[in-house]
Amino acid sequence: MTDVIALRSYAADQWLAAGGEQPLLAAIDGSVVAEMPAPSDPAALLDHARRVGGPALRAMTFQQRGKLLRGLADALTARKEELYALSALTGATRSDSAFDIEGGIGTFFVYASKAKALPDAHVMLEGAREVLSKGDFLGQHILAPLTGVAIHINAYNFPVWGMLEKLAPTLLAGMPAVIKPATDGAYLAEAAFRIMIDSGVLPPGAIQLLLGKTGDLLERLDGQDSVAFTGSAATANRLKAAPAIVRNTVRFAAEQDSLNASILGADARADSPEFDLFVKEVVREMTQKAGQKCTAIRRALVPAALIDQAQAAIAARLAKMTVGDPRDETTRLGALAGIRQRDDVIANLAALRVEADLVTGGAVPELAGALAKGAFFEATLLRCDAPLTAEAVHSVEAFGPVATIMPYGDADEAVAIANAGKGSLALSVFSHDLPTVLRLVAGTSPFHGRILVVDRDNAAASTGHGAAMPNLQHGGPGRAGGGAELGGTIGMMPYLQRSAIQGSEAVLEAVGRL
Ligand code: NAP
């Protein structure tokens, strides 16, 4: 990469002044990829979204807005190689990039397809009509888009998917969005955003891009606005306590840290297919996107009798995961997003090692040439033999290629250990015994937003532990932030207001056609 990309924010349907500020470095070799622009005026973006973008989107029906998503997905597909080229600089291998880029575009396709089953109208009915009294007086819930702005604050790990998975339900619901990507990797988010603008598919004001500092953006929000945040719990807690967010009851949905677990069922033996499937999945989750996935397996729970064999099998497989230039086809483990992120992983690893022993990895690999300046880190497996009394392994998220293997006694103990994460996005169970599966699902479901059950019969069709599916909820309780994104209409709820309409049958009939 020779030319430094001068990034621009996009406000009121115009690209603003370019670059000139903070340089953004390539994760793979520390070279300068792009420059951030000066901060922009949040008031102008909010005003344009409220006055222009919102009315234009709300003038369309749900089905019409679904067609916008289809058009955007086609435009992104046509130019996706531009995104792959930039994605490699964030440290991602081709298959990591596919997870981000194709995963994001796929989310648009799924939402576009779901829209065909939504009303060709401006409100959506929810549930059945309720008879409220004797005579012609009924009740019906309806859902209508909020009249404000959706603020999307995204994390650095999925510059494309993270933006599109929020945008699909927002646009389909009928709200304009102001997107604030994470600064690290903002050049990839800006490129995907630019393709959507270039496509000419969207009405004016539907999407705007706010790079860098957000100024007093949050202080300008009111009860018709909605914030969707993805990032660390510390930032989420700070932002959701902003005075205007509290004062004006602004909707604030957070997707944050998550100590996801995977459980190998007690029915498994070292030669069972489920043992092998579990080992492969743990390794895939540790190495895909260099472990920088909010859904990645951080805690691998194994029946005590199998812990040594599982540890050996995972370590042996990790040894084959070549670390290096993500553009090289033989590379299995790319770089972290930057040196800051690697320093965080190293610090969090030190906290984990107070309770867990190092099995393999734990260091910066020695790479030759320019890669020596990249943000690479070895895949690192830890082992904690006393998970029921441990704290750090259930609370410290080393956001990189790091996982801890731990033994459990019976199903109740496995449930207690999994739930000690105090709320996670994703749990997986590898078992071929239905009673075992049911005990684990019943015990863990209150603590986990999504549970994947894999066995020898469905493994080939499995979508994988770490993949958030557009058709299903993405979000978890407690530590995971309490949000619920995606999941078809579930993901649209932060952008729709539910109203209970009471009146005669004729009124309800007409309201349903609004
Ligand atoms: P972060 O530091 O909390 O930043 C997240 C976002 O918040 C970034 O866009 C950041 O912008 C922005 N931000 C920070 N301070 C702000 C402020 N005062 N006002 C407005 N925006 C502000 O998190 P991160 O380090 O980027 O992301 C890693 C974390 O995200 C991990 O803990 C991971 O588990 C979590 N994550 C969760 C999910 C999920 O779906 N649950 C998905 C991905 C990642 P700048 O970059 O410009 O500072």
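The values are calculated or read from the model by the stated rules, or taken from the named source; none is laboratory data. Just so we're clear, the structure is a prediction, and the values are computed from it rather than from any experiment. As a convention, Cβ positions derive from the backbone with ideal geometry for all residues, glycine included, and neighbour counts pool all protein chains shown. Remember, those area values only see protein heavy atoms, side chains included, never the ligands or the DNA or RNA. Shrake-Rupley method; radii C 1.70, N 1.55, O 1.52, S 1.80 Å.
Regarding segment 1-15, can at least one residue be identified that is of a type in the set (V, I, T), open to solvent by 20 Å² or more (accessible area, probe 1.4 Å), out of contact with any strand residue (DSSP E or B) (no Cβ under 9 Å at 6 or more places or on another chain) and at pLDDT below 95?
Residues of segment 1-15 of a type in the set (V, I, T): 2, 4-5.
Right, trim to open to solvent by 20 Å² or more (accessible area, probe 1.4 Å) and you get 2, 4-5.
This time we only want the ones that are out of contact with any strand residue (DSSP E or B) (no Cβ under 9 Å at 6 or more places or on another chain), so: 2.
Going one step further and asking which of them are at pLDDT below 95, we end up with 2.
Yes: one or more hits.
Output the number of the condition that G466 fails; it satisfies all remaining conditions of (1) open to solvent by 10 Å² or more (accessible area, probe 1.4 Å); (2) in contact with a helix residue (DSSP H, G or I) (Cβ under 9 Å, 6 or more places away or on another chain); (3) assigned to a loop (DSSP other than H, G, I, E, B).
G466 satisfies all of (1) open to solvent by 10 Å² or more (accessible area, probe 1.4 Å); (2) in contact with a helix residue (DSSP H, G or I) (Cβ under 9 Å, 6 or more places away or on another chain); (3) assigned to a loop (DSSP other than H, G, I, E, B) except (1).
In segment 177-194, which residues are open to solvent by less than 10 Å² (accessible area, probe 1.4 Å) and in contact with a Ser or Thr (Cβ under 8 Å, 6 or more places away or on another chain)?
A177, L188
Given the criteria within 20 Å of F99 (Cα to Cα) and open to solvent by less than 10 Å² (accessible area, probe 1.4 Å), does G488 qualify? Outline the logic, then answer.
On the way: within 20 Å of F99 (Cα to Cα): yes; open to solvent by less than 10 Å² (accessible area, probe 1.4 Å): yes.
Answer is yes for this residue.
Report yes if some residue within segment 211-221 is within 13 Å of the ligand (Cβ to nearest atom) and in contact with a Gly (Cβ under 8 Å, 6 or more places away or on another chain); otherwise report no.
yes
For segment 323-372, enumerate the residues that are open to solvent by less than 20 Å² (accessible area, probe 1.4 Å), closer than 19 Å to R298 by Cβ and among the β-branched types (V, I, T).
Of everything in segment 323-372, just one residue is open to solvent by less than 20 Å² (accessible area, probe 1.4 Å), closer than 19 Å to R298 by Cβ and among the β-branched types (V, I, T), namely V345.
Restricting the first residue to segment 222-244 and requiring it to be closer than 8 Å to I153 by Cβ and within 11 Å of the ligand (Cβ to nearest atom), which pairs with a second residue that is among the acidic types (D, E) and not in a helix (DSSP H, G or I) meet a Cβ separation below 9 Å and a spacing of at least six or different chains?
Here the result reads A228/E255; A228/E485; F229/E255; T230/E255; T230/E485; G231/E255; G231/D257, each pair linking segment 222-244 to a residue that is among the acidic types (D, E) and not in a helix (DSSP H, G or I).
Residues of segment 491-514 being among the aliphatic types (A, V, I, L, M), open to solvent by 20 Å² or more (accessible area, probe 1.4 Å) and not in a loop (DSSP other than H, G, I, E, B), which ones?
Residues of segment 491-514 that are among the aliphatic types (A, V, I, L, M), as a first pass: 492-493, 496, 500-501, 506-508, 510-511, 514.
Cutting the leftovers down to open to solvent by 20 Å² or more (accessible area, probe 1.4 Å) gives us 493, 500-501, 506-507, 510-511, 514.
Listed by number, the residues that qualify are M493, A500, I501, A506, V507, A510, V511.
Taking segment 241-279 as the search range and keeping residues that are among the hydroxyl-bearing types (S, T, Y) and at pLDDT 95 or above, which one is most open to solvent (accessible area, probe 1.4 Å)?
Of the residues in segment 241-279, the ones among the hydroxyl-bearing types (S, T, Y) are 249, 258, 262, 272.
Checking which are at pLDDT 95 or above leaves us with 249, 262, 272.
On the way: T249: 108, S262: 1, S272: 15 Å².
Per the stated criteria, the residue is T249.
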